[in-house]
Amino acid sequence: MIHDLSIRNIVTKHLRANPFQRNSQVWISLCLDDIDLESASGAAQLYHFDYYSYNFLKIFIYFTDVDEDIGPHCYINHSHKPFPDNFLYVAIQPIPDTPMIKCLIFAVDNLIELYGLKGTVMLVDTSGFHKGKILSANKHRLLILTEFVDSISRFGRTI
């Protein structure tokens with residue numbers, strides 16, 4: 001996948017630079033009966049944003065079918081834009097759904113859940129607010145994640 005020309009062309013165009021693969025991970029999310037907020041935060045299931053690099057793009061590939069009950073990737077569209085000054089301090093820690101929606105500076109119409117069949121590929125700028133939705137079905141979600149950064153940026157890692 002990381003050598004696929006169509007994906008590399010999209011990533012290069014988005015980054016406006018030659019892409020460098022920073023990391024790849026496999027994630028499995030399970031349906032847990034009594035999940036607490038601390039566990040959800042560790043599993044990236046509270047709203048947060050990533051800032052690994054000045055310029056990066058992540059590719060998620062579902063290895064299981066994902067619907068509204070099986071942990072879809074949730075994203076707040078347009079939230080990768082600069083935040084108002086009074087919002088930045090709130091965003092340092094992951095934010096549960098209710099407080100996020102109450103202080104939402106973005107239109108509720110911008111809340112997106114990304115469903116897909118096994119094999120669905122998503123290219124996501126995770127500098128915007130996002131999370132993996134907590135599973136409500138007695139199933140699991142398996143996905144692979146690959147992150148690309150521009151070859152110039154050194155924020156968060158020495159290249």
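Computed values, structure above
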| quantity | calculated |
| --- | --- |
| Within region 12-48, considering residues that are open to solvent by 40 Å² or more (accessible area, probe 1.4 Å) and of a type in the set (Phe, Trp, Tyr), the one modelled with the lowest pLDDT | Phe20 |
| Filter result (within 18 Å of His78 (Cα to Cα), touching an Asp or Glu at 6+ places or on another chain (Cβ under 7 Å) and open to solvent by less than 50 Å² (accessible area, probe 1.4 Å)) within region 112-139 | Thr126, Ser127 |
| Matching entry among Cys103, Cys74 (being modelled with pLDDT of 90 or more, open to solvent by less than 60 Å² (accessible area, probe 1.4 Å) and within 17 Å of Leu46 (Cα to Cα)) | Cys74 |
| Some residue of region 58-68 being open to solvent by 30 Å² or more (accessible area, probe 1.4 Å) and at pLDDT below 75 | no |
| Neighbours by Cβ (under 7 Å, 6+ apart or cross-chain): first from region 13-32, among the charged types (D, E, K, R); second open to solvent by 100 Å² or more (accessible area, probe 1.4 Å) | Arg22/Arg157 |
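The values are calculated or read from the model by the stated rules, or taken from the named source; none is laboratory data. Fair warning: this is a prediction, and the values are worked out from it, not measured in the lab. Cβ: placed from backbone, ideal geometry, glycine included. Neighbour counts: every protein chain shown. For accessibility, only protein heavy atoms count, side chains too; no ligands or nucleic acids. Shrake-Rupley method; radii C 1.70, N 1.55, O 1.52, S 1.80 Å.
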